[in-house]
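Throughout, read-outs are computed from the coordinates displayed, never taken from laboratory work. Quick caveat: nothing in here was measured; it's all calculated off a predicted structure. Neighbour counts run over all protein chains shown; Cβ positions are idealised from the backbone, glycine included.
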Amino acid sequence: MAGNNGGPWGGGGNKGSGGGDDNRPNGGRRPGNDGPNIPEIDDLVNKGREQLRVLMGGGGDGGGNRGGARGGGGPQLTRGTIGLALLVAIGAWLFASFYTVKPEEQSVELMLGRYSQTGGPGLNFAPWPIVTREVIAVTSERNIDIGTSRAGSEAGLMLTGDENIVDIDFQVVWNITDPQQYLFNLSNPPQTIEAVAESAMREIISQSELAPILNRDRGVIADTLRELIQTTLDSYDSGVNIIRVNFDKADPPDPVIDSFRLVQDAEQERDRVQNVADAYANRVVAEARGNAAQILEEAEAYRAQVVNQAEGEASRFSAVLAEYQNAPEVTRKRLYLETMERVLGGVDIILLDEGQDGAQGVVPYLPLNELRRNTTGESN
């Protein structure tokens, strides 16, 4: 019984004289024990302390002095180690709290998930994690393409007011004016803008005919579309500004485009022939109107001439009548002479003279009319 005075584990008679059990080749276990090799709790604790000391900046013994570590008393937490850890934590917090906003950007700061303020360009401070931020590019232009060829869908096929189908491709260019409204009032801004633009275009096309859309009204439609989209988005408080609308294409659908072009050529030929006919009609009508005006003017002039002449003859007759009433014999003789002058003034005159013996002789021809003409010319 003297060999088994070491307690329940046995073989422990010399334990009080310096820990002889630790020098056993099997680490203090009985040689006859065939169970699993389970490490002691002290070994696990020592390994944890060693790793913690290395992480905290202390020097380890490389695992070669396990017995000395067992008696060392754990990792040494000094003031320098604690200060270094605090500096690292403060630096990480400042790095997470300070942020930079570019000139073309704006930031939205959220305090515990609610809107706090809008940050401008430059260095900004948002104490994390109480305040978070969202940085958004506000001045850069963003594009949304709508149409059959641009977007790869049938969104560009629209019905016109005269029940024709037109294939339209257009582009909406927009940017952000209010980041707060942009983030909180629209769940999917690009999709919302696309839906509003397509709806507005369908409304405009449904009120227009096909020919103006294809030819001359593209600029008017683009301006009207931009105003309608902007009005709708403003009613949503979207914080979005529509810069412009690029109206790229407006054609009939591909299956009927060849036939449509033939119809367009025929309509253009019809318009050309009609313009030629209108020009000829205008020229002929203008010429006829000019001739009619000329005839009217000539008739008016002739009427005035005849009326004036008649009035003059009537005035002359009245004057002669008054003279005749004053001196009938003289006036009668004067009228006779004037009448004979008018009658005989235009004929050739031959005088026959009766001689003293009763014979008739021919007086040499005396051209009284020529003499009168010469007399008239000399007087002039």
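Could you grab the Rg to Rh ratio for segment 82-136? Cα atoms only, Kirkwood for Rh.
That ratio is 1.07, to two decimals.
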Checklist entry - Under 15 Å from the 7 Å Cα→Cβ point of THR118, by amide nitrogen: which residues of segment 222-250? => result 234, 237-242
Next on the checklist: Expected output is a single nm value to one decimal: the length gained when fully extending between GLU227 and ILE257, i.e. 0.36 nm times separation in residues minus the C-alpha distance. What is it?
Outcome noted: 7.7 nm
Checklist outcome for this item: Here, ASN241 and GLU300, labelled 7 Å along Cα→Cβ, have an inter-label distance in nm of 6.6
Checklist entry - Rounded, prolate or oblate: which fits segment 225-302 when a ≥ b ≥ c are the square roots of the eigenvalues of the alpha-carbon gyration tensor, with rounded for a/c under 1.5 and prolate only if a/b beats b/c? => result oblate
Item to check | Sorted peptide list for 89-98, 271-280, criterion being average Cβ within 10 angstrom, highest first | outcome: 89-98, 271-280
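Suppose a student asked you for the relative contact order of segment 82-136, using Cα pairs under 8 Å spaced at least 6 residues apart; what percent would you report? Write down the numbers at each step before the final one.
Numbers: 86 pairs, mean separation 20.4, N = 55.
The normalised contact order for segment 82-136 reaches 37 percent.
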